[in-house]
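Report on the structure given below.
The values are calculated or read from the model by the stated rules, or taken from the named source; none is laboratory data. It should be emphasised that the depicted structure is a prediction, and the values quoted were computed from it without experimental measurement. Neighbour counts are summed over all protein chains in view; Cβ atoms, including those assigned to glycine, are modelled from backbone coordinates with ideal geometry.
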Amino acid sequence: MQITERMREYWQRNLRLTWILLAIWFFVTYVVAFFAPALNNIVILGFPLGYYMAAQGALIVYVVLIFIYAKKMNAMDREYNVHEEG
């Protein structure tokens, strides 16, 4: 199978999207947790922000990242005509 320039472009865009979303995941998972003691000085609805980010905020971000990836990849698949029929 010969790889065309269009296939390379598709794969590069896929990798770029994946790396961006992984960077956001890393930030939410590790950087925010690193600053949790400082964030605990901010209180939202009676809970320290550090606790809220660990218990709820990060999970919400993870689900949003999944939906963003699915939506962007579906659009990219259609653009490069590699989408599934149906």
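Of everything in the stretch 4-22, what is of a type outside the set (Val, Ile, Thr), within 15 Å of Ile66 (Cα to Cα) and surrounded by 11 or more Cβ atoms within 10 Å (Cβ to Cβ)? Give them in sequence order.
Asn14, Leu17, Leu21, Leu22
What's the total number of residues in the stretch 41-69 that are without any contact (Cβ under 8 Å) to a residue 40 or more places away in the chain and in contact with a helix residue (DSSP H, G or I) (Cβ under 6 Å, 6 or more places away or on another chain)? I'd like the intermediate steps shown before the answer.
Within the stretch 41-69, the first condition is being without any contact (Cβ under 8 Å) to a residue 40 or more places away in the chain, and the residues that meet it are 41-64, 66-67.
Of the ones still in play, those that are also in contact with a helix residue (DSSP H, G or I) (Cβ under 6 Å, 6 or more places away or on another chain) are 42, 44, 49-50, 53, 58, 61.
Residues flagged as without any contact (Cβ under 8 Å) to a residue 40 or more places away in the chain and in contact with a helix residue (DSSP H, G or I) (Cβ under 6 Å, 6 or more places away or on another chain) within the stretch 41-69 amount to 7.
Could you look through the stretch 33-75, keep only residues that are of a type in the set (Phe, Trp, Tyr) and at pLDDT 90 or above, and pick out the one that is surrounded by the fewest Cβ atoms within 10 Å (Cβ to Cβ)? Walk me through it before giving the result.
First, pick out the residues of the stretch 33-75 that are of a type in the set (Phe, Trp, Tyr): 34-35, 47, 51-52, 62, 67, 69.
Next, only the ones that are at pLDDT 90 or above stay: 62, 67, 69.
Working: Tyr62: 13, Phe67: 9, Tyr69: 15.
Result: Phe67.
Scanning the stretch 23-32 for residues that are surrounded by 12 or more Cβ atoms within 10 Å (Cβ to Cβ) and not aromatic (Phe, Trp, Tyr), which turns out modelled with the highest pLDDT?
Taking the candidates together, the pick is Ile24.
If a residue must be surrounded by 14 or more Cβ atoms within 10 Å (Cβ to Cβ) and touching a residue at least 12 places away in the same chain (Cβ under 8 Å), how many such residues does the stretch 76-86 contain?
Of all residues in the stretch 76-86, those surrounded by 14 or more Cβ atoms within 10 Å (Cβ to Cβ) come to 76-77, 80.
After this cut, where a residue has to be touching a residue at least 12 places away in the same chain (Cβ under 8 Å) as well, the list is 76, 80.
Qualifying residue count for the region: 2.
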